[in-house]
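Some notes on the structure that comes next.
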Amino acid sequence: MHETEPDVPIENISSGNLQLIVPNLHRRYSGVTATNRMVAPKLAKLFRAGWFGSDAPDGIARIGLADLLKCWRRRTPLIWHARRNNEMIAGLLLRALGWPLKLVFTSAAQRHHSWITRWLIRRMDAIIATSEISKSFLKREANVVMHGVDTDTYAPPADRAAAFAEAGLPGRYAIGCFGRVRAQKGSDVFVDAMCRLLPRYHDFTAVMIGAITPEQTAFAADLRKRIDAAGLQSRIVITGELDIEDVPRWYQRLTIYAFTSRNEGFGLTLIEAMSSGAALVASRAGAAELVVEDGVTGVLTPTGDVDALVAALEPLMRDPASAADMGKRGRARVLEKFSLDAEANGIAEVYRRLV
């Protein structure tokens, strides 16, 4: 497999010269989709790549079923990079029917896999784990490639105070917790901590951004009851799901970001917030212990522990200047270790060894 020339226009990508298919066979927008959308355009600068499925990002050709059918029984191998079980199954079926696919799977899970996932993983040609922790749950050799973030899109604002003022929120500073509103994400831990801290720090407003799915309606309603009981309806703002293009601007409005997940695969919001220059307090879930230098580029807390979260957040809320300094150190950490280019180059090396 040869690298794509940098000036090959997307419109000139065809089934005949395609080298990589990035499938996204999931209807609902998810964290997996978000990570895939960010790195795919970078990979498309290195290989002739096509996106198959929904939520295609700019910067990569979109291929349909007709394009896929044209790849049947071609001679040159074609990478199929799956990130979910259904995408692994689809790749195996296509290969069995005559598509010359080399199958790659990325695993972010930090838990023991189900029997079907283990069975599928054994049939992949190469495995990528997003951390050493994820790798430890696999029963075969894997390449570790940590997630990266687009440091241009997720960048500190020129003026954080102006960015905050633009939102029309009360106070002077924002503290955020982004992700689906659910127990797994620790949304309740964040709300309980805010109900204790915001009455003491009147310059802060809390912002929660993320989808509330139908099965989480009762959970979200209970959170609103807690907020109402504390009299904080105007200072704990739950926006619901926003367009992905709007999210970077919300990170720029934050002085502090709270990562409160009880369990995660990786936790992309960790590096999105750090890249945006927000101070970070993170539960020890996902890749937090690998990403955060405790006490330097963030503060680590036990999962599900409201008292520990309050204790970690309060010094930063008391001294926003120290929060700003931590945010600068976090940004430098991401630029050094967690750029999107580093992730794309790591994945590309796996492709090259395979083909």
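The values are calculated or read from the model by the stated rules, or taken from the named source; none is laboratory data. Everything numeric here is computed off the predicted structure, so don't read it as measured data. Cβ placement follows ideal geometry from the backbone for every residue including glycine, while neighbour counts extend to all protein chains displayed.
Below is a table of values for the structure above.
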{"item": "Among (1) surrounded by 13 or more Cβ atoms within 10 Å (Cβ to Cβ); (2) hydrophobic (A, V, I, L, M, F, W, C); (3) more than 30 Å from the chain's Cα centre (by Cα) - the single one residue 89 does not satisfy", "result": "(3)"}
{"item": "All helices (runs of 4 or more DSSP H) inside the stretch 214-287 with 2 or more residues being assigned by TED's automatic domain parsing to the domain that holds residue 304, hydroxyl-bearing (Ser, Thr, Tyr) and surrounded by 24 or more Cβ atoms within 10 Å (Cβ to Cβ)", "result": "268-275"}
{"item": "Qualifying positions in the stretch 92-109 - under 24 Å from residue 345 (Cβ atoms) and assigned to a loop (DSSP other than H, G, I, E, B)", "result": "108, 109"}
{"item": "Condition met for residue 164 (more than 26 Å from residue 27 (Cβ to Cβ), aromatic (Phe, Trp, Tyr) and surrounded by fewer than 19 Cβ atoms within 10 Å (Cβ to Cβ))", "result": "no"}
{"item": "Pair list, Cβ < 8 Å and 6+ apart or interchain, from the stretch 55-83 residues that are part of a helix (DSSP H, G or I) to residues that are not hydrophobic (A, V, I, L, M, F, W, C)", "result": "67/14; 67/15; 67/50; 68/15"}
{"item": "Odd one out for residue 95 among (1) surrounded by 14 or more Cβ atoms within 10 Å (Cβ to Cβ); (2) in contact with a Leu (Cβ under 7 Å, 6 or more places away or on another chain); (3) in contact (Cβ under 8 Å) with a residue 24 or more places away in the chain", "result": "(3)"}
{"item": "Residue that is nearest to residue 284 (Cα to Cα) [pool: residues in the stretch 174-211 that are crowded, with 21+ Cβ neighbours inside 10 Å and of a type in the set (Phe, Trp, Tyr)]", "result": "190"}
{"item": "Search result, residues across the stretch 301-344 that are surrounded by 15 or more Cβ atoms within 10 Å (Cβ to Cβ) and without any contact (Cβ under 8 Å) to a residue 24 or more places away in the chain", "result": "301, 308"}
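Let's see how each residue does on (1) outside the structural domain of residue 307 (by TED's automatic domain parsing); (2) part of a loop (DSSP other than H, G, I, E, B):
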site: 113; (1), (2): yes, yes
site: 117; (1), (2): yes, no
site: 139; (1), (2): yes, yes
site: 153; (1), (2): yes, yes
site: 177; (1), (2): no, no
site: 190; (1), (2): no, no
